[in-house]
1. Would you point out the residue of the stretch 45-82, among those that are open to solvent by less than 10 Å² (accessible area, probe 1.4 Å) and of a type in the set (Gly, Ala, Ser), that is farthest from Phe238 (Cα to Cα)?
2. Would you tally the residues in the stretch 142-192 being part of a helix (DSSP H, G or I) and either open to solvent by 70 Å² or more (accessible area, probe 1.4 Å) or out of contact with any Pro (no Cβ under 7 Å at 6 or more places or on another chain) (or both)?
3. In the stretch 193-212, what residues are surrounded by 13 or more Cβ atoms within 10 Å (Cβ to Cβ) and of a type in the set (A, V, I, L, M, F, W, C)?
4. Testing Ile235 on (1) open to solvent by 60 Å² or more (accessible area, probe 1.4 Å); (2) of a type in the set (Val, Ile, Thr); (3) closer than 30 Å to Gly53 by Cβ, one condition comes back false. Which one is that?
5. Can you name the residue in the stretch 114-135 that is buried (at least 23 other Cβ atoms within 10 Å of the Cβ) and within 14 Å of the chain's Cα centre (by Cα) and is also farthest from Ala187 (Cα to Cα) among such residues?
6. Need pairs with beta-carbon distance below 7 Å; first residue touching a residue at least 40 places away in the same chain (Cβ under 8 Å) and within the stretch 178-200, second open to solvent by 70 Å² or more (accessible area, probe 1.4 Å); sequence gap 6+ or separate chains.
7. How about the stretch 1-18: which of its residues are open to solvent by 50 Å² or more (accessible area, probe 1.4 Å) and assigned to a strand (DSSP E or B)?
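The values are calculated or read from the model by the stated rules, or taken from the named source; none is laboratory data. Nothing here was measured: the structure is a model prediction, and the numbers come from that model. Glycine also receives a Cβ, built like all others from the backbone with ideal geometry; neighbour counts cover every protein chain displayed. SASA here: full protein model, heavy atoms, side chains in, ligands and nucleic acids out. Shrake-Rupley method; radii C 1.70, N 1.55, O 1.52, S 1.80 Å.
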Amino acid sequence: MAAVKERVGDVLVVRLNRPERRNAFNLDMARRVLEALDEGCSAGGVVVTGSGGYFSSGLDLVEIYGLRTPEGSLEFFRTVNQVSRRIAECPRPVVAFVNGPAIGYGVEMLYFVDYAVAVKSAYFTLPGIRYGLMTATPVVAPLVLGLRSRSFLDWEFKLSAEEALEWGLVQRLADGEREGMELALGAARKIGEVPNFKAIKRHSKGFLRLVEKEWEDFERSVAEAALSREVKSRIELFLKRR
């Protein structure tokens, strides 16, 4: 299964589970995560984490390289963006436990969660700029990170866990996976006990409605770019070097 679910009390732990691809998001994983979020958002909350020592290596470039039609490309990027929207709209707390490297969409997901915990050995990078492939950063990052979002245009951009904490991408650091999961579960439960949490979250994520049209336009432009000869060539070179 591309996403494994486990109930821990009233919280649903959703584990990204494509370790052979470092938990890269293909269409199937995105759909499985959406299904899991629906379940968790009807319960006490959700903790999203990874398997195999990785949080997520982002979008699956093999799958993107194989996209051949505008309809298929738009479906891929739209479904991944639905994961972000579902996290933002979930009426219960959604906490990320970054148990290892967060790359590409693994970073972008953090814009939308309510809280994030990371192991101290994690790092954060956005290599999608090399291909012009991002799901939300150009639209959302300036709102949540301000002028720091300019750094994402740097092909060599990389943050340590300590730097991600200082930037506000994560809120707590842990020495290892056991401590990190305990912190993430505790955060989900404590945030869920905040009076009037549903309304607070709805209004705190209200800025997304301000960029809805721009986000949809960007989604279409990325879907088109993924089919271009230039992007296909760059992805092909990367895949051959692996």
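1. If we take residues in the stretch 45-82 being open to solvent by less than 10 Å² (accessible area, probe 1.4 Å) and of a type in the set (Gly, Ala, Ser), then Gly45 is farthest from Phe238 (Cα to Cα).
2. Matching residues across the stretch 142-192 total 31.
3. Residues satisfying the conditions are Phe197, Ile200, Leu208, Val211.
4. (1)
5. Going through the qualifying residues, I end up with Met134.
6. Leu183/Arg172
7. Passing the criteria: Val4, Lys5, Glu6, Arg7, Arg15.
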